[in-house]
Amino acid sequence: MIVKEMKRMALCLFLLLFAGSVWSAAKEDRTEQRVDSVLRLMTLSEKIGQMNQVSSKEDPTGQLTECSNEEELIRSGQVGSMLNVVGVERTRHLQEIAVNDTRLHIPLIFALDVVHGYKTISPVPLAESCSWDMDLIEKSARVAAEEATASGIQWTFAPMVDIARDPRWGRVMEGSGEDPYLGSAIAKARVRGFQGTDLSAYNTMAACAKHFVGYGAAEGGRDYNTVDMSRVTAMNYYMRPYQAAVEAGVGSIMTSFNEFESIPATGNTWLLNDVLRKQWGFNGFVVSDFTAIAEMVNHGIGNSQEVGVKALKAGVDMDMIADCYHAVLKKSLEEGKITEAEIDSACRRILIAKYQLGLFHDPYKYCNPKRAAKEFLSVNNVSAARRIAAESFVLLKNDNNLLPLKGCRKVAVVGPLADSKANMAGSWKYDEQTKSYHGLVEDLQESLGNGVEVVFAKGSNLVDDSVYEANFTDQNRSTRDDRSDEQLIAEALKVAEGADVIIAALGESIDMSGEGASRAILEMPQTQKKLLDAIQKTGKPIVMVLFTGRPLALQSEEKQVNAILNVWFGGTEAGAAIADVLTGKVSPTGKLTMSFPRVTGQCPIYYNHKMTGRPMSPDAWYTRYVSNYIDVLNEPLYPFGYGLSYTTYTYGDVSLNTNSMDANGKIQASVIVTNTGAQDGEEIVQLYLRDIVRSITPPVQELKGFKRVALKAGESKKVTFDIDVDMLKFYDSTLDYVAEPGEFQVMIGGNSKEVKTASFTLK
């Protein structure tokens with residue numbers, strides 16, 4: 001009887017799954033049929049118009065090309081998408097023009113770089129990645145989608161999934177750091193957050209993984225610069241988060257500004273057609289980056305006519321802002337350089353995206369002012385932002401358990417970033433509610449209570465040179481003080497009199513990182529160094545609260561302070577979250593996803609590097625004729641995966657259930673982790689593997705898993721990882737994805753450098 005019932009249930013489950021797959025296939029067929037019916041009605045000009053994105057002049061994110069009035073362009077059927085249109089009223093107005101005043105009534109897609117929030121701003125993505133919490137990261141993207149869609153936006157140019165190993169590159173703040181495994185997990189989480197389970201829902205939006213590919217490897221860390229890497233390197237490291245995004249169903253892909261194998265990525269057929277579409281099966285649409293098609297002329301591979309042809313043939317469906325497709329494709333077709341079938345394919349993919357978003361069914365579904373009032377900065381959204389911010393902070397140093405603050409009667413807060421509300425959010429935000437933000441001083445006072453006096457002095461300007469500051473700072477956010485360094489420092493020393501501890505809020509402003517904000521020098525600005533030197537001489541304990549969008553070189557500062565809390569740019573609730581951690585209401589759990597160099601000259605620096613033929617001994621300071629520097633250690637100041645807590649953890653030896661594995665088998669690797677401190681906490685336990693010998697040179701280690709483990713004070717837990725053959729695979733010299741027999745090393749620990757090891761053999 002039980003067997004019969006089980007068979008019946010199994011049959012029912014099969015029928016449900018079969019029916020679901022049939023329904024899904026039928027739905028896809030209906031979409032394609034509807035799109036094809038529209039496509040047959042379109043003129044050549046209308047098809048090319050769908051492939052053209054125009055930026056609003058209200059809020060551009062780059063240099064605009066010369067174009068006519070955007071409303072007239074829409075009426076004439078020359079626009080498929082609008083960028084940088086903000087607000088329900090404006091998006092609805094432009095959508096009404098597209099729907100009512102054009103021949104075929106095809107709706108627009110409205111796009112915006114909603115990178116880490118819309119009204120409620122979460123920490124910058126690099127900060128979020130340091131939480132190693134996929135649920136929180138997905139939640140952050142979900143909040144952003146709910147708020148942005150309530151303002152008429154259906155498409156976000158996020159997530160940025162570029163692997164970045166060089167902190168000189170300003171856009172490291174938009175990504176997930178240096179590791180492809182973690183970057184892939186985060187890419188999937190962000191796509192799920194933006195797109196949800198139903199792209200046609202009123203509160204989901206199409207995601208766009210960017211920038212495909214290699215943008216994070218710009219030479220010298222200089223934005224928009226050239227890139228030189230092999231296909232093997234690209235496939236094993238830089239492409240993996242993109243493949244993960246495709247697997248998660250990302251709606252679109254954006255090309256990168258850089259070249260790849262001496263061909264600009266925007267015109268690279270191997271990247272966009274051979275890998276993205278054929279190998280990975282991507283069926284969404286591809287958009288260029290801002291004027292990237294036209295910029296191929298500057299790369300020196302052709303005139304505007306020629307680069308437009310290259311982009312289309314490579315697989316770029318939509319031209320962002322450059323007006324290149326609109327200007328050249330008709331002539332190229334007449335000359336036989338392209339085919340109408342190629343134009344049809346690009347247009348078709350864009351129309352399918354519009355159907356999937358439900359815009360043909362209801363073009364105004366994203367334009368509900370009542371929803372906007374309900375969604376923006378809701379209690380739940382703000383609460384989520386505060387939690388995400390606190391979990392993104394990384395405690396880098398904490399001598400003698402200076403943090404959390406305790407027993408203080410007076411706390412002195414100094415530094416140019418201590419009370420700057422505008423610097424809380426980080427770059428890529430729109431109409432942020434900075435007036436409602438709290439500064440660190442205000443929130444810290446509230447958290448400590450009336451029994452503790454919190455006093456503040458700026459202490460220094462952000463940088464020494466006012467001209468230099470004006471070059472990178474939005475003047476609306478400039479807080480430059482005209483007093484001399486000596487006067488500012490004197491004020492800081494005065495407020496520090498009688499203080500039990502000094503909180504030094506130092507680092508970067510939001511304009512010093514992000515797009516177009518590469519830095520050749522990652523050391524602290526000299527004026528901030530002078531302030532730190534002065535307060536160190538007081539002999540008082542110093543906590544450095546580090547604001548930054550990238551790893552900084554802190555070799556000297558690390559020796560001057562007692563504690564360092566890296567708070568990145570934490571968003572709407574940054575001040576409150578910082579206060580929560582400083583006072584111990586929240587214990588820090590964040591772990592670095594980019595290595596911190598000792599000095600800028602070490603960059604690029606990353607944990608999963610290759611071994612050289614003359615490796616440096618890990619125990620040596622300097623040895624002649626091996627791969628090292630004569631003036632600084634090879635190792636970073638703070639390695640990938642590093643982060644302290646208000647408690648401490650010890651790791652036992654790694655135990656394997658077997659010492660060998662075949663191609664279809666698994667190995668379990670276990671370790672006992674113990675909370676040896678006096679406070680409850682959460683530890684992010686990390687699994688690394690090393691392939692000892694293989695056909696191409698292996699990295700010294702690769703992250704292959706991690707688990708967040710809650711441990712009460714004094715508690716021990718066994719943490720187990722399953723290792724299968726897929727975790728051992730790599731792209732070999734022929735780009736075959738293989739696992740080769742041989743010896744492997746298992747490493748488990750709290751960061752990439754402090755690990756316990758064991759070995760096994762793959763047969």
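Miscellaneous remarks
- Residue order, fewest to most surrounding Cβ atoms within 10 angstrom, among Cys208, Cys408: Cys408, Cys208
- Options Tyr642, Pro597, Ala234, ranked by Cα towards positive dipole end of the chain, top entry (Cβ charges): Tyr642
- Too-long pairs where the Cα-Cα distance tops 30 Å, listed order kept, from Lys119/Lys354; Lys47/Lys310; Lys313/Lys365; Lys119/Lys406: Lys313/Lys365; Lys119/Lys406
- Per-residue extension of 0.36 nm, minus the Cα-Cα distance of Arg30 and Val467, leaves a gain of 151.4 nm for this segment.
- Once the Cα-Cα distance is subtracted from the 0.36 nm per residue extended length, the Lys330 to Met229 segment shows a gain of 32.8 nm.
- Cβ-placed point charges (K, R +1; D, E -1), dipole of the range 242-389 about Cα centre in debye, nearest 20: 860
- For the range 541-630: rounded, prolate or oblate by the Cα gyration tensor [a/c cutoff 1.5]: prolate
- 25 Å Cα-Cα threshold exceeded, pairs from Lys397/Lys756; Lys718/Lys756; Lys429/Lys529: Lys429/Lys529
- Stokes-Einstein D in µm²/s, Kirkwood radius over Cα pairs - the chain at 10 °C with 1.306 mPa s viscosity: 58
- Note on the chain: antiparallel DSSP beta bridges, both residues inside, total approximately 55 percent of the bridges counted.
- Net length gained if the chain between His93 and Gln279 were fully extended (0.36 nm per residue, minus Cα distance): 62.9 nm
- Two-site label geometry, Ile672 and Leu633: point separation in nm, points 7 Å out along Cα→Cβ: 3.0
- Relative contact order of the chain, pairs being alpha-carbon contacts under 8 Å that are 6 or more residues apart, as %: 13
- Estimated translational diffusion coefficient (Stokes-Einstein, Kirkwood radius over Cα pairs, 4 °C, 1.567 mPa s) of the range 464-513: 100 µm² per second.
- Only helical runs count toward this figure. For the chain, summing -39,500 (n - 2.57) over DSSP H runs of n ≥ 4 and dividing by all residues gives -9500 deg cm²/dmol at 222 nm.
- Placing unit charges on the Cβ atoms only, positive for Lys and Arg and negative for Asp and Glu, gives the chain a dipole magnitude near 1720 debye about its Cα centre.
- With all projection directions averaged, the alpha carbon convex hull of the range 649-762 covers 6.8 nm².
- Candidates Leu272, Met727, Ser392 compared by Cα position along the dipole of the chain: farthest toward the positive end lies Met727, with charges placed on Cβ.
- Fraction of antiparallel bridges per DSSP, the range 381-593 only, in percent to nearest 5: 15
- Prolate/oblate/rounded call for the range 181-329, Cα gyration tensor, a/c under 1.5 rounded: oblate
- Overall Cα dimensions of the range 585-625 - principal axes, largest extent first, Å: 51, 21, 19
- Under the convention that each Lys and Arg Cβ holds +1 and each Asp and Glu Cβ holds -1, the size of the dipole of the range 381-593 around its Cα centre is about 580 debye.
- For the chain, the longest principal axis of the alpha carbon atoms and the long axis of helix 324-334 meet at an angle near 30°.
- The residue among Leu405, Leu417, Gly539 whose Cα reaches farthest toward the positive pole of the charge dipole of the range 381-593, with charges on the beta-carbon of Lys, Arg, Asp and Glu, is Leu405.
- Classified by the C-alpha gyration tensor, the range 381-593 has a rounded form. Its axis ratio a/c, with a ≥ b ≥ c, is below 1.5.
A short reminder: the numbers here are calculations on the coordinates, not readings from a lab. Because the structure is a prediction, the values reported are computed rather than measured. Cβ: placed from backbone, ideal geometry, glycine included. Neighbour counts: every protein chain shown.
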